[in-house]
Amino acid sequence: MGSSAAFLRIKGLRKSYDGVDALRGIDLDLEMGDFLSLFGPNGAGKTTLIRIMATLLKPGAGTVRVMDFDMEEHPEEFRARLGVISHQSFLYNDLSARENLEFYAALYRVADPAARAEELLGLVGLSDRADSKVSGFSRGMQQRLSIARALINDPVLLLLDEPYTGLDQSASMLLSGHLRRLHDRKRTIVMVTHDLKRGLEAATKVGILSRGRLVYLKDRAELDPREFEHAYLRYLKGVPDA
Amino acid sequence: MRDALLIARKDLLAEYRKKESIVSMVFFGFLLLVMLNIAVGVGRELDGEMAAGILWVSIIFSAVLGLGRVLSKEKENRCIDALLLSPVEPEQIYAAKTMVNFIFMAVAEAVLIPAFFVLYGDRFARQVPMLVVVVLLVNIGFSTVGTLFSAITAGTRRNEVLLPLLLFPVITPLMALAVKVTGGLFEDLPYREYSSWLYVIAAFGLIFSGVGYLLFEFVIKEG
């Protein structure tokens, strides 16, 4: 058991690719219901961190625990409670929106896949296109459907990797609305983004990852947006680590 | 097995809609049969083993076309990540993809083998039920190895080139056995003449099912 009731605990997380360090010892605790927005320049290790948290990558060292489950020891249990939204849609182009959702619902052993798919199609405003093939969808529609896909298992931990990339205004608002509602329902959210405005508006914690290190982490309530913007710009310009 | 069947069903539904893989496999296999028929001389009497060689070259080369597509389809929109993110065990994904490759091969063979009899003579159609058994056993061997190797190459840039380069050396023994047994069938030899080779074909499929099942997770996941 952990020493406190941290919902998500990352300790000493390291990862390198061909000798190049992508993550250089990340430590992070999140409580249930926290919404962490993580910023950082390109190549800072944000996507690597998300992929390790999602069990898609093995860490070089360190651990990730959710509700005291070690993700490496219990990957299936861990993944059953996880949702991921990326700039990739994770959707099958040759299947309809409904077929995609029903397929994923069945994989996650949702009790009534058809009903869950119908419910989520309504939630993302795609009921009228439920039986159209995904290949005919616009980028915004695909991203709305991918939001529905990520929510299919009603995840307790949601990981978002640049979810606003390529979204139009209405799809961005829809995503922000869903994130707010999930946060209201005490879901824990980790979002990697370059979008300062959207990243700050919903977050309860804000962090900056630079050169594989978590160099900045503060509660949103304690944060002065101007001071944060200034700090972020410094890291974007490549200020050496302290 | 439930998850493997779900994934396989999804793949078969997508193929039923587009018919990309099977149509190209059948067309390519048929072209090979025709070209090899011209190469050996139209109407020339072939011995059983040579005819079996022609049949298996056409089947295996056409099967490689479908093999590459089954996993590369999952790379579109990074759907493979979504499968790996789900509670499904990677071994179930391997079982599903092996099943799909097996079915694609079987469907292509259902067209190519009758076409072979038409082009090369129905005198080879002597022990058809046993030929079906041989074909299904070879399909198991090919799809178990092929699925593993297509997973290895699916993430590479030169997937289509790399897959046959890696795969063919491994399946050459299977191909040789298939030719030997099928040649025996075409010559109408008694079962005892080729039965030992048949067991080796079955063992090949069994061994590579185990190897694929154990290794697939390490192959499909990023380090």
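The values are calculated or read from the model by the stated rules, or taken from the named source; none is laboratory data. These figures come from a predicted structure and were not determined experimentally. Neighbour counts are summed over all protein chains in view; Cβ atoms, including those assigned to glycine, are modelled from backbone coordinates with ideal geometry. Note: accessible area is taken over every heavy atom of the protein model, side chains too, but ligands, DNA and RNA are not part of it. Shrake-Rupley method; radii C 1.70, N 1.55, O 1.52, S 1.80 Å.
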Compute, for A:Val215, the solvent-accessible surface of its heavy atoms (probe 1.4 Å) with the complete set of protein chains present, and express it in square angstrom to the nearest 10.
50
18 Å reach of a label modelled at A:Asp154, 7 Å along Cα-to-Cβ, counting backbone N of segment A:173-213
A:178-189
Residue by residue through segment A:185-197, what is 3J(HN,Hα) from phi via Karplus (6.51 cos²θ - 1.76 cosθ + 1.60, θ = phi - 60°)? Round to whole Hz and write x for glycine and proline.
8, 6, 7, 8, 10, 10, 10, 9, 7, 9, 7, 4, 4
Nearest 20 debye, what's the magnitude of the dipole of chain B about its Cα centre given +1 on Lys and Arg Cβ and -1 on Asp and Glu Cβ?
440
Excluding ligands, DNA and RNA, what is the solvent-accessible area per residue of the protein assembly as shown at a probe of 1.4 Å, expressed in Å²?
43
Honestly the protein assembly as shown on the Cα gyration tensor test (a ≥ b ≥ c root eigenvalues; a/c under 1.5 rounded, otherwise a/b vs b/c for prolate or oblate) is just prolate
Note down the magnitude of the dipole of the protein assembly as shown about its Cα centre, charges +1 on Lys and Arg C-beta and -1 on Asp and Glu C-beta and zero elsewhere, to the nearest 20 debye.
880
Can you tell me which of B:62-68, A:105-111 comes out highest on packing, and rank the rest after it, using the mean Cβ neighbours within 10 Å?
B:62-68, A:105-111
To the nearest 0.05, what FRET efficiency results for A:Arg139 and B:Leu119 with a Förster distance of 41 Å applied to their C-beta separation?
0.25
Expressed as a percent, the accessible surface of segment B:2-220 that is carbon or sulfur, using a 1.4 Å probe and the full set of protein chains, is 69
Probe 1.4 Å, protein heavy atoms only: A and B together bury a total accessible area in Å², to the nearest 100, of 2800
Taking chain B as the reference, fit the longest principal axis to its C-alpha atoms, fit the long axis of helix B:128-154 to the helix C-alpha atoms, and give the angle between the two in degrees, 0 to 90, nearest 10.
40
At a cut-off of 40 Å², which residues of segment B:83-103 become less accessible once all protein chains are present than in their chain alone, using a 1.4 Å probe?
B:Leu85, B:Pro87
On Cα atoms only, tilt of B:2-18 relative to the major axis of chain B in degrees
70
Can you put A:Val64, B:Val128 in order of accessible area, largest first, using a 1.4 Å probe?
B:Val128, A:Val64
Taking all protein chains as present, what is the carbon and sulfur share of the accessible area of segment A:86-151, in % to the nearest whole number, probe 1.4 Å?
47
For B:Lys19, list the lysines whose Cα falls under 20 Å from its own Cα; do not include residues on the same chain fewer than 8 positions away.
A:Lys133, B:Lys10, B:Lys73, B:Lys75, B:Lys97
Please list B:Phe218, A:Phe7 from largest to smallest accessible area, probe radius 1.4 Å, with all protein chains kept in place.
B:Phe218, A:Phe7
Chain B: angle of helix B:48-75 to the longest principal axis, Cα-based, in degrees nearest 10
10
With +1 assigned to the C-beta of every Lys and Arg and -1 to the C-beta of every Asp and Glu, and no other charges, what is the dipole magnitude of segment A:88-154 about the Cα centre in debye, to the nearest 20?
260
Where both residues lie in chain A, what percent of DSSP beta bridges are antiparallel, nearest 5?
55
What fraction of the DSSP beta bridges in the protein assembly as shown is antiparallel, stated in percent and rounded to the nearest 5?
55
Solvent-free Debye scattering, log10 I(q)/I(0), computed from the Cα coordinates of segment A:88-154 at q = 0.21, 0.24, 0.27, 0.29 Å⁻¹
-0.72, -0.95, -1.23, -1.42
Using only atoms on other chains, find how many Cβ atoms lie within 10 Å of each Cβ of peptide A:97-107 and report the average.
4
B:Ala176 and A:Leu217 label points (each 7 Å along its Cα→Cβ direction) are spaced in nm at 5.9
Taking Cα pairs under 8 Å and at least six residues apart, what relative contact order does segment B:1-69 come out at, in percent?
47
Evaluate the distance, in nm, between pseudo-label points positioned 7 Å from the Cα of A:Glu72 and of B:Leu5 along their respective Cα→Cβ axes.
3.6
At a probe radius of 1.4 Å, what is the per-residue accessible area of A:His230, in Å² to the nearest 10?
120
At 222 nm, what value in deg cm²/dmol follows for chain B if DSSP H runs of at least 4 each add -39500 (n - 2.57) and the sum is divided by all its residues, to the nearest 500?
-30000 deg cm²/dmol
